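Below you'll find the structure, written out as structure tokens, and then a few comments.
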Amino acid sequence: METQAKDCESFNRIYNANKELIFKTAMKYSDNYHVAQEITQDTFLQLYTHFNTYDMDYAVKWLLKSAKNAALNYNKKAAYEIPDENITLTSDLRESAEDTEDVIFKVIHDKEMIRLKEDILSSLYNLNERWFDAVTMVYCLERSQQEVADELGVSIEVLHSVLYRAKKWIKKNYKEQYEATKYL
């Protein structure tokens, strides 16, 4: 018991005499108040747990060297860490890049679809104006079939027949181009 009391007294004397010096050393090498406090506590904790094995003549030198090395190791590890805000920024950038990629593909797809529609309607106009008028009014202008039939002066059944033949011709001549454009 007496030895423990002596050890505790010796430790307290070393602690009180050197805590400021060890803190300043840790602060000098880490440049972070909270990290320096942690390093100071850890350094003295190591001294306390191994107090009987150290030569007390070299305790101050050991404390200084330990605090310095702990601060340098902290800096080395901190250099490889990515702060949380950078992680969210990186993931936001990744999501933004994916969104941008999607937007680019959508723009390309839309342009190809517009070009394909123009080609189909141009060919349809050159082939059969009646088909062109029926398809344009029903599918492009989205007018009712009854209204288009009345405007063209035909029955609804005749309009259905015209639309059917026009769609069949479009599928026959433009199916491959449509399929290729669909997957852009």
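Is segment 101-182 rounded, prolate or oblate when judged by the Cα gyration tensor, a ≥ b ≥ c being the square roots of its eigenvalues, rounded requiring a/c under 1.5 and prolate requiring a/b larger than b/c? It comes out prolate by the Cα gyration axes.
Take the Cα of residue 21, step 7 Å along the line toward its Cβ, and report every residue of segment 34-58 whose backbone nitrogen sits under 13 Å from that point. Hits in segment 34-58 for residue 21 at 13 Å: 57-58. For residue 18, the shell of other residues with beta-carbons less than 12 Å away shows a net charge of +3, using +1 for Lys and Arg and -1 for Asp and Glu. Karplus-based coupling profile of segment 158-167, in residue order and whole Hz: 5, 4, 4, 5, 5, 5, 4, 5, 5, 5, with θ = phi - 60° in 6.51 cos²θ - 1.76 cosθ + 1.60 and x standing for Gly or Pro. Backbone geometry of segment 66-81 corresponds, through the Karplus equation with coefficients 6.51, -1.76 and 1.60 at θ = phi - 60°, to 3J(HN,Hα) couplings of 5, 5, 4, 5, 4, 5, 5, 5, 4, 4, 5, 5, 5, 5, 8, 7 Hz, x marking Gly and Pro. Computed from phi, the 3J(HN,Hα) profile of segment 102-115 under the Karplus parametrisation 6.51, -1.76, 1.60 (θ = phi - 60°) reads 4, 4, 4, 5, 5, 4, 4, 4, 4, 5, 5, 5, 5, 4 Hz, with x in place of Gly and Pro.
Shape analysis of segment 2-80 places it in the prolate category; the axes a ≥ b ≥ c from the Cα gyration tensor give an a/c of at least 1.5, with a/b above b/c.
Quick note: the coordinates plus some simple rules give every number you see, no bench work behind them. As the structure is a computational prediction, the values presented were derived from the model and not from experiment. Ideal geometry is used to build each Cβ from the backbone, glycine not excepted, and the neighbour counts take in all protein chains shown.
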